[in-house]
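The values are calculated or read from the model by the stated rules, or taken from the named source; none is laboratory data. Note that the structure is a prediction, hence the values are computed from the model and not measured. Note that we place each Cβ from the backbone using ideal geometry, even for glycine, and neighbour counts take in every protein chain shown. Just the protein is used for accessible areas: all its heavy atoms, side chains included, with ligands, DNA and RNA removed. Shrake-Rupley method; radii C 1.70, N 1.55, O 1.52, S 1.80 Å.
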Amino acid sequence: MHWIEVANELESYLRRGDLAYCINHVSQIIRTLPNSPFHHVLEVDFTNDPVEVAGYFDRFVVEQRGRVPFAAIYTETNGFYINPDLWFFDIFLCPTYGGHDNYNWLSDCRTYYEPSITLTGMESLQAVYQRIIDSGVYDNCPPGSNPEVERLQVANEFSDLLVVLRFQDLIRRSASHMQQVKVPVLATSHEFDFIYEVDPSQS
């Protein structure tokens, strides 16, 4: 099964905010795959303090309130899968909120806050990603030409999806500590349309 198919199947659970189900489901899929370095994703999680993460969002909102009108906040990690040396996330203000049917409205979101927050706790998994990149195992390997590499790629992709879910869960855990955020917060990773939403005012 392709990771995109799984992500599509999980969409309704994501909309309901059932990240526990999503994380468990993807974890179970990884456990059924042939053992790979990417199985290490099952042993790690982000360790950032949710209170500190919430404070980051609150400071952002306080600084920009009155300067820039916004109806939602969007946050994403960097492209962690190709940048294993540093995993971090940024936050963006969105002038409108357009829901989940079409994400074109996210292109209007802008960041007005320079400091990024480094994501901690998964450094050992980052090292796995770095080793795979350095090995060049995916280079010059057309689809279907090497079953062993294809199996590694499948584990890699499901590891990516679980990392995204772990980040979304960090935002979920942080939302209840946000004091100044009164709009929906949408969270994912760079170039992923698999987007989680939480409203801190309802937490």
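Taking ARG16 as the residue in question, decide whether it is of a type in the set (D, E, K, R), under 28 Å from ASP134 (Cα atoms) and without any contact (Cβ under 8 Å) to a residue 40 or more places away in the chain. Criteria not met by ARG16. Here the stretch 13-33 is the region considered, the condition is being in a helix (DSSP H, G or I) and among the basic types (Lys, Arg), and the residue that is surrounded by the fewest Cβ atoms within 10 Å (Cβ to Cβ) is ARG31. With respect to the conditions (1) touching a strand residue (DSSP E or B) at 6+ places or on another chain (Cβ under 6 Å); (2) β-branched (Val, Ile, Thr); (3) within 17 Å of MET178 (Cα to Cα), VAL51 lacks only one, and its number is (1).
For the stretch 157-176, taking the residues that are assigned to a helix (DSSP H, G or I) and either open to solvent by 10 Å² or more (accessible area, probe 1.4 Å) or without any contact (Cβ under 8 Å) to a residue 24 or more places away in the chain (or both), the one that is farthest from LEU19 (Cα to Cα) is identified as GLU157.
Yes or no: the stretch 64-74 includes at least one residue that is part of a loop (DSSP other than H, G, I, E, B), open to solvent by 20 Å² or more (accessible area, probe 1.4 Å) and in contact with an Asp or Glu (Cβ under 7 Å, 6 or more places away or on another chain). Taking every residue of the stretch 64-74 in turn, none turns out to be part of a loop (DSSP other than H, G, I, E, B), open to solvent by 20 Å² or more (accessible area, probe 1.4 Å) and in contact with an Asp or Glu (Cβ under 7 Å, 6 or more places away or on another chain). With respect to THR118, determine if the residue is open to solvent by 50 Å² or more (accessible area, probe 1.4 Å), of a type in the set (Val, Ile, Thr) and more than 29 Å from SER159 (Cβ to Cβ). No. The single condition from (1) outside any loop (DSSP other than H, G, I, E, B); (2) out of contact with any strand residue (DSSP E or B) (no Cβ under 8 Å at 6 or more places or on another chain); (3) surrounded by 13 or more Cβ atoms within 10 Å (Cβ to Cβ) that TYR56 fails is (2). Scanning the stretch 84-108 for residues that are in contact with a Ser or Thr (Cβ under 9 Å, 6 or more places away or on another chain) and surrounded by 13 or more Cβ atoms within 10 Å (Cβ to Cβ) turns up TRP87, PHE88, PHE89, ASP90, ILE91, PHE92, LEU93, TRP105, ASP108. VAL137 - would you say it is surrounded by fewer than 18 Cβ atoms within 10 Å (Cβ to Cβ), part of a helix (DSSP H, G or I), touching a residue at least 12 places away in the same chain (Cβ under 8 Å) and out of contact with any Ser or Thr (no Cβ under 7 Å at 6 or more places or on another chain)? No; evaluated as a whole, the condition is false for this residue.
Yes or no, residue by residue, for (1) of a type in the set (Val, Ile, Thr); (2) over 18 Å from ASN78 (Cβ atoms); (3) over 14 Å from the mean Cα position of the chain (by Cα):
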{"position": "TYR103", "(1), (2), (3)": "no, yes, yes"}
{"position": "ASP108", "(1), (2), (3)": "no, yes, yes"}
{"position": "SER116", "(1), (2), (3)": "no, no, yes"}
{"position": "MET122", "(1), (2), (3)": "no, no, no"}
{"position": "VAL128", "(1), (2), (3)": "yes, no, yes"}
{"position": "VAL154", "(1), (2), (3)": "yes, yes, yes"}
{"position": "GLU157", "(1), (2), (3)": "no, no, no"}
{"position": "HIS190", "(1), (2), (3)": "no, no, no"}
{"position": "GLN202", "(1), (2), (3)": "no, yes, yes"}
